[in-house]
Amino acid sequence: MTEPIDSLPRPQTITAAYGVVSDTAFGAVAPPLYLSSTFEFAGYDEPRIYDYGRAGNPNRELLGDALAKLEGGAGAVVTSSGMSALDLLVGRHRPDDLILAPHDCYGGTMRLLKARADLGHCSVRFVDQSNKGAFEAALEEVPALVLIESPSNPLMRVVDIADLAREARAAGAAIAVDNTFLSPAIQRPIELGADYVIHSTTKYLNGHSDVIGGAVVAADPAQVEQLRYWANVVGSAGAPFDAWLTLRGLRTLFPRMEQQQINAMIVANFLEKHPAVAKVHYPGLASHPGHAIASRQQRGFGAMLSFELHGGVPAVRHFISAVQFFTLAESLGGVESLVAHPATMTHADMGEEARATAGISDSLLRLSVGLEAEQDLVAGLEAGLAACSG
């Protein structure tokens, strides 16, 4: 049976074609790039749609509209980085507001929250959100905002977003979900009860490791306007060219994610059977504790995974020196495969004690699986693992 036209377009169509042929001047198929920092007024006290680049830009608006449609939100604010997107939410809170965050969140997120709390801008509590008792006890402190990261970075822990959102809302808290690891191609947190979705657009949305950017999508139109106002106040807006590039990257989000998660599953299965590997963290594996939840709330399992080696730091050193087709670098979500050592890279600022609490060991390696041929990726990992005993 054919679906009614008002149910369209589907997300794949939005990524491929949103903003195409929007140029009214020349009919350009690709959206034009507007680099102007300022815009002419029509006359005395007659501003046009845009007046100054910090407050608004056609490229940022086009990208924000596309992201809002993909996430099922009322609107989005495009920022200069993923951290500025998070801070756009956090920075609006008052000193007596409590923010409840995952105990195993991204190291940069923990650093920002601690820095804001140290300055007295808010209070922060880190809690294991998979521990129902601990989470409910934390909610008794009446948080203003509950920040959820699922899957978590780097241990790929999965929490039931709908369940946490329901409890948080009953306690009077707003809910924000970092959806960077999966993108709206795989997970749509607003459908699960989130008020906000945060992205580092640097990652899968752009997909080519050549842009730094972020975005906040809000479910409530009033909150969209408040976020836009606050972004203008603090000047966190993203650059027009970065927005233009990110929209271009977004065009291929669905086929990229589809193939990358196929590759990731192959890699995860290979690693799980290898004698040099102590443990694999990937929600697509039936052995993963969050597999059932991920199967229910996601449309796939993504292309991020982590694993622990037997042999500790010496094994890590040998692996990194010998692995092929995986570049040792921070970040993720590009078409190329990357390997990172969280304890000395992405999560170094957490400190040894916080890493131990989160379960991030010195033996842990994180992979962002790209679009290379699956045989090459497996062979490249085999080369690294073979060196672990050396």
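Taking a ≥ b ≥ c as the square roots of the eigenvalues of the Cα gyration tensor of the range 141-300, is the shape rounded (a/c under 1.5), prolate (a/b larger than b/c) or oblate? It is oblate, given that a/c is not under 1.5 and a/b is not larger than b/c. Model label sites at residue 335 and residue 313, defined 7 Å from Cα along the beta-carbon direction, differ in position by 3.8 nm. Relative to the dominant Cα principal axis of the chain, helix 240-250 is inclined by about 60°.
Rounded to the nearest angstrom and listed largest first, the equivalent-ellipsoid semi-axes of the range 1-105 from its Cα gyration tensor are 30, 26, 13. Remark: spin-label model distance residue 36-residue 349 equals 3.7 nm, labels positioned 7 Å along the Cα→Cβ axis.
Computed extension length for residue 320-residue 208: 38.1 nm, one decimal, from 0.36 nm per residue of separation with the Cα-Cα distance subtracted.
Counting only the Cα atoms, the chain fills a convex hull of 159 Å³ per residue.
Here the range 253-386 is treated as a sphere whose radius is the Kirkwood value from Cα pairs; by Stokes-Einstein at 4 °C and 1.567 mPa s it diffuses with a coefficient of 86 µm²/s.
Count the DSSP beta bridges whose two residues both fall in the chain, then state the antiparallel fraction as a percent rounded to the nearest 5. For the chain, the DSSP antiparallel bridge percentage is about 60.
Every number here is computed from the coordinates shown, using simple stated rules; none is lab data. Predicted, not measured: the structure shown is a model, and the values here were computed from it. Heads up, the Cβs are rebuilt from the backbone with ideal geometry, glycines too, and the neighbour counts pull from every protein chain shown.
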